[in-house]
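The values are calculated or read from the model by the stated rules, or taken from the named source; none is laboratory data. Note that this is a predicted model, so its numbers are computed, not measured. Here the Cβ positions follow ideal geometry from the backbone for every residue, glycine too, while neighbour counts run over all protein chains shown. Heavy atoms of the whole protein, side chains included, go into the accessibility calculation; ligands, DNA and RNA do not. Shrake-Rupley method; radii C 1.70, N 1.55, O 1.52, S 1.80 Å.
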Amino acid sequence: MVTPMVRAEKVYKRFGRVEALRGIDLTVAPGEVTVIIGPSGSGKSTFLRCINHLEQISAGRLWVDGELVGYRQDGDRIHELREREVARRRAAIGMVFQRFNLFPHMTALQNVTEAPVRVKGISSSVAQAAARRLLDRVGLAGKIDCYPAELSGGQQQRVAIARALAMEPKLMLFDEATSALDPELVGEVLAVMRGLAADGMTMVVVTHEMGFAREVGHHLVFMDDGAVVEEGPPRQVFAEPREPRTRAFLSKVL
Amino acid sequence: MAARATGDPEAIRAIPVRHWGRWASGVGVVVVMAWVSWSAVHSGIIDGAQVRRYQFSPLILEGLRATVVLAVAAQATGVVLGVVFAVLRLSKNVVASWVAAFYIWFFRGTPVLVQLFFWYNGVPSVWKRITIGVPFTHLTLYSARTVDFMTPFMAAFLGLALNEGAYMAEIVRAGILSVDEGQVEAAQALGMTPLLTMRRIVLPQAMRVIVPPTGNEFISMLKTTSLAEAITYGELLRRASDIYSSNLEVVPLLVVASIWYLVLTTVAGTGQYFLERRFARGRGRDLGESPWERVRRAVGGRPRW
């Protein structure tokens, strides 16, 4: 059996007294696009942030590509990882944020070359050539010297995707990547994400875009109140949801 | 587009509101200032000839150099200390955070003049010798009598730099806190370590908040160096007072010193302006041409249309 790209076993996350995640079980196969939908506050984003250890899980086990997230297992013992080691593992996972989080003091090109040069130690001429290809691929060849403030939201998010891809990740996480965009700019970002999916990138996508979930997703997960309520092939879940909670949610958003 | 039937609307020609209060207060201020200047000049105490005579005298210029050296050295060290202690203050390490808090509390809470006396008079009387060696052995790398080491310059430098470091630590901390948390998360998600994130992502953005108050601090530092007069360091005020204590031309020499302080602070203020523009990169707000660009264009630059 192939090692799953992401495997979650009874993952819990508590913020003080609030239980944000209550026993998530989930498997993402390599090359698969998993789409997580659900109401606000259902824990979708929290779960996504646990995958690259931006949040530390409180209980359960979480693996990415066969390695424990944030820990090292040594027989029965679990050791916390050093910051350097956590950073090394994050470098292999790309993440795209709702609010883009581009570095405002760097041009589009510098945003994309920063991590390959500083984290991977790639020479800046090689990184620049790669960055130009990536920015061309997301349709921004003409904007490489623009600062983020000079770009539209859709353009900024496409730079952010190129920035994540520059690290040649084995897994891409999208945290409501289109939620902060004007409706007419959503399409250009979704088009880039479709392209990635078609190229076989493993993706975990938290989104409110039901059309994208249905057409691009291989696996659909509906979360509510910190738990997975229902999962399955998108067309099946959309057409005939088994759980009443899923039905209620879908009837409001479709 | 639909053709407009009546053409462009007529511009509004309104009679502006008269602000009589502004006129009256403006005239009042001018009158008072003219009267003060007139009485100062006619008292005969400010002797223009004396001012001109001493403005560029070798002793005064030597003091000017000493002031600039001390201010630049103390401010530069203060900035470095400020960055270090701000990072320590925000560190998860409790000991580091408390040490930084104590440093800031102590040096911000005592007068600079007292600190200068402490370094110059206090330290040499408490510790007779300064010895730098390898701990727990008898190897020494440097050893000197403290009075020889603690020259007026050294005491003034240590006092001003350590005091400045405490203020800069708070300024840098405010700058770091002003950077959006999403920036740190984005950097972490790219696999950047905390140190790299601080150096490449957080501090460059914090600079936009740090630079203006730092310019203020440097201007303040240029003037605060005059306190070193009290521990016999030969800076501008000390040189001026050396001269007036022998020729009794007190006011002209204070004017000479003040003119130099104004020149220094003006130069520093101009430098601050350009530094702020440098760190405003990518901030979207249109800065327009700098005065320098305007001058360059006026002096035979290419016309831009």
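A few points about this structure:
- Among the residues here, A:D182 does not qualify as surrounded by fewer than 21 Cβ atoms within 10 Å (Cβ to Cβ), under 23 Å from A:I24 (Cα atoms) and away from every other protein chain (no Cβ under 14 Å).
- Among residues of region B:170-186 that are more than 12 Å from chain A (Cβ to nearest Cβ) and in contact (Cβ under 8 Å) with a residue 40 or more places away in the chain, those with a Cβ under 7 angstrom from a residue that is open to solvent by 30 Å² or more (accessible area, probe 1.4 Å) and not in a helix (DSSP H, G or I), sequence gap 6+ or separate chain, pair up as B:R173/B:L90; B:I176/B:L90.
- Tally, over region A:121-151, of residues that are open to solvent by 50 Å² or more (accessible area, probe 1.4 Å) and farther than 21 Å from B:P204 by Cα: 13
- Where helices (runs of 4 or more DSSP H) fall wholly inside region A:134-249, the ranges with 3 or more residues that are β-branched (V, I, T) and modelled with pLDDT under 95 are A:183-198.
- Strands (runs of 3 or more DSSP E) contained entirely in region A:16-94, each with at least 3 residues that are away from chain B (no Cβ under 14 Å) and modelled with pLDDT of 90 or more: A:18-28, A:33-37, A:59-64
- Total residues in region A:89-105, condition more than 23 Å from A:A149 (Cβ to Cβ) and either crowded, with 23+ Cβ neighbours inside 10 Å or touching a residue at least 60 places away in the same chain (Cβ under 8 Å) (or both): 5
- The single residue among B:R238, B:R199, B:R208 that is in contact (Cβ under 8 Å) with a residue 12 or more places away in the chain and within 13 Å of chain A (Cβ to nearest Cβ) turns out to be B:R208.
- Taking the criterion of being farther than 15 Å from B:N163 by Cα and touching a Leu at 6+ places or on another chain (Cβ under 8 Å), the residues of region B:204-225 that qualify are B:V211, B:G215.
- Those residues of region B:89-108 which are in a helix (DSSP H, G or I) and open to solvent by less than 60 Å² (accessible area, probe 1.4 Å), in sequence order: B:A96, B:S97, B:A100, B:A101, B:Y103, B:I104, B:F107
- Sole exception among (1) surrounded by fewer than 23 Cβ atoms within 10 Å (Cβ to Cβ); (2) closer than 24 Å to A:P169 by Cα; (3) in contact (Cβ under 8 Å) with a residue 24 or more places away in the chain for A:A8, by number: (1)
- Among the candidates A:G60, A:G38, A:G31, the residue that is under 15 Å from the mean Cα position of the chain (by Cα), closer than 27 Å to A:P233 by Cα and open to solvent by less than 40 Å² (accessible area, probe 1.4 Å) is uniquely A:G31.
- Across region A:131-158, the qualifying residues are those that are in contact with a Pro (Cβ under 7 Å, 6 or more places away or on another chain) and either among the hydrophobic types (A, V, I, L, M, F, W, C) or under 25 Å from A:T202 (Cβ atoms) (or both), and the one among them that is farthest from the other protein chains (Cβ to nearest Cβ) is A:Q156.
- In summary, helices (runs of 4 or more DSSP H) completely within region B:137-227 and bearing 3 or more residues that are open to solvent by 30 Å² or more (accessible area, probe 1.4 Å) occur at B:146-149, B:152-178, B:181-189, B:203-224.
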